[in-house]
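Here, each number is a calculation from the coordinates, and none is a lab measurement. All of these numbers come straight from a predicted model, not from anything done at the bench. Quick reminder, even Gly has a Cβ in these numbers, built from the backbone with ideal geometry, and neighbours come from all protein chains shown.
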Amino acid sequence: MQLDSRTLDSLVEEITKQVVATLKEQTGQSAAAGLPPTPVACPRCEEHGVQHRPEIARQALQDGASRLSTTLGLRSIAQDVAQYIDHTLLKPDASQAQITQLCDEARQHKFATVCINPTNVRLCSQLLHGSGVGVCTVVGFPLGATPVKVKSYEAQQAINDGATEVDMVINIGALKSKEYELVREDIASVTRTSHNNSAICKVIIEAALLTDDEKIRACQLAKEAGADYVKTSTGFGPGGATLHDVALMRQTVGPEMGVKAAGGIRTYQETVAMLKAGATRIGASASVKIVQAAKAA
């Protein structure tokens, strides 16, 4: 039986409510025991114990894999956390000298990427050429209230300039208005542009502005649209990453997608907690301090 769009959205909302109720019950049990929220793991994935990489997972599924293996953030965390970090500088007044220093630090510590505003992509791409460090930029940032075509164009321009990863902000107002088709196409447009150019797409849901129901719906839409990651925050909203949000996002998207925790993560301990809660990437401006603390731990 084929469902129309309205019936499908109603069905998804009902399932969402049940998932939220289950998660709140599990979170309450963890809190009572003095533990951080624990994401629900996939038994078939844990059976093989292979480390999660969303872009590799997506390709494996496309190639016909019938099962994937991950520990959903419960793996032991290596002291060298640099590989999980997007070294970030998104301040509007960031100078060329500061961007150059950011790239020097990223090259030295081998961070996953530098995350910078689109105007700095070309410079970072030149400075990091051959280093193995990616160039991540932002689209529709920080409000998300940009037309779909503009976001897609912005992503294409950034990729042309050398971006290898694109973090786009969803249309938050549309999500709250339950304009789910618009939100889905908003995400899908940037995802298509990214994938057509071999770039990764991360979807910023700005969790601090959403209810748990809305967070789950946003993650479901990102998954339906084929994005590689969901991301907690811009760092410019009313709040940053929380363990609850990371666990909720991980449980919603399952093992196939990445979860990026960003906003307010300043210490090694906070970084490890986010990874254990289910994050597979961390956005931080205190990256050097974090890796120095990791080496001393």
Please count how many residues of region 247-293 are charged (D, E, K, R), within 21 Å of Val166 (Cα to Cα) and surrounded by fewer than 24 Cβ atoms within 10 Å (Cβ to Cβ). 1
Residue ID - nearest to Thr211 (Cα to Cα), chosen from residues in region 151-170 that are surrounded by fewer than 24 Cβ atoms within 10 Å (Cβ to Cβ), of a type outside the set (Phe, Trp, Tyr) and out of contact with any Ser or Thr (no Cβ under 8 Å at 6 or more places or on another chain): Gln157
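A quick yes/no check of all residues on (1) of a type outside the set (Gly, Ala, Ser); (2) touching an Asp or Glu at 6+ places or on another chain (Cβ under 6 Å):
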| position | (1), (2) |
| --- | --- |
| Thr100 | yes, no |
| Gly132 | no, no |
| Ala145 | no, no |
| Val150 | yes, no |
| Asp161 | yes, no |
| Ile172 | yes, yes |
| Lys178 | yes, no |
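Any idea which residue in region 253-283 is nearest to Glu214 (Cα to Cα), counting only those that are in a helix (DSSP H, G or I) and of a type outside the set (A, V, I, L, M)? Give the steps one after another, and end with the answer.
Step one: filter region 253-283 for residues in a helix (DSSP H, G or I), giving 253-256, 268-277.
From what is left, the residues that are of a type outside the set (A, V, I, L, M) are 254-256, 268-271, 276.
On the way: Gly254: 17, Pro255: 20, Glu256: 20, Tyr268: 30, Gln269: 28, Glu270: 25, Thr271: 25, Lys276: 23 Å.
Checking each candidate, the answer is Gly254.
Counting just the residues of region 124-140 that are aliphatic (A, V, I, L, M) and in contact with a Gly (Cβ under 9 Å, 6 or more places away or on another chain), which one comes out surrounded by the fewest Cβ atoms within 10 Å (Cβ to Cβ)? Spell out how you get there, then give the answer.
Filtering region 124-140 down to residues aliphatic (A, V, I, L, M) leaves 127-128, 133, 135, 138-139.
Checking which are in contact with a Gly (Cβ under 9 Å, 6 or more places away or on another chain) leaves us with 128, 135.
Working: Leu128: 22, Val135: 28.
Among those residues, the one meeting the criterion is Leu128.
Taking the options Thr234, Thr271, name whichever one is among the polar types (S, T, N, Q), farther than 17 Å from Ala155 by Cα and out of contact with any Ser or Thr (no Cβ under 6 Å at 6 or more places or on another chain). It would help to see each step written out before you state the result.
Details: Thr234 fails: farther than 17 Å from Ala155 by Cα.
It is Thr271.
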Just to be sure I understand the filter: pairs with C-beta atoms under 9 Å, separated by 6 or more residues or on different chains, first member in region 159-174 and under 19 Å from Gly283 (Cα atoms), second member part of a strand (DSSP E or B) and among the polar types (S, T, N, Q). Which pairs pass? Ala163/Thr137; Thr164/Thr113; Glu165/Thr113; Glu165/Thr137; Val166/Thr137; Asp167/Thr137
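Among the residues that make up region 176-196, is at least one of them closer than 22 Å to Ser285 by Cβ and of a type in the set (D, E, K, R)?
Filtering region 176-196 down to residues closer than 22 Å to Ser285 by Cβ leaves none.
No, there is no match, as no residue in region 176-196 is closer than 22 Å to Ser285 by Cβ and of a type in the set (D, E, K, R).
Tell me, yes or no, whether region 101-112 has at least one residue that is assigned to a loop (DSSP other than H, G, I, E, B) and either surrounded by fewer than 20 Cβ atoms within 10 Å (Cβ to Cβ) or aromatic (Phe, Trp, Tyr) (or both).
Quick first cut of region 101-112, residues assigned to a loop (DSSP other than H, G, I, E, B) only: 110-112.
Filter once more, keeping what is either surrounded by fewer than 20 Cβ atoms within 10 Å (Cβ to Cβ) or aromatic (Phe, Trp, Tyr) (or both): 110-111.
Within region 101-112, one or more residues are assigned to a loop (DSSP other than H, G, I, E, B) and either surrounded by fewer than 20 Cβ atoms within 10 Å (Cβ to Cβ) or aromatic (Phe, Trp, Tyr) (or both).
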Restricted to region 86-100, and to residues that are surrounded by 14 or more Cβ atoms within 10 Å (Cβ to Cβ) and either closer than 20 Å to Cys201 by Cβ or basic (Lys, Arg) (or both), which residue is farthest from the chain's Cα centre (by Cα)? Leu90
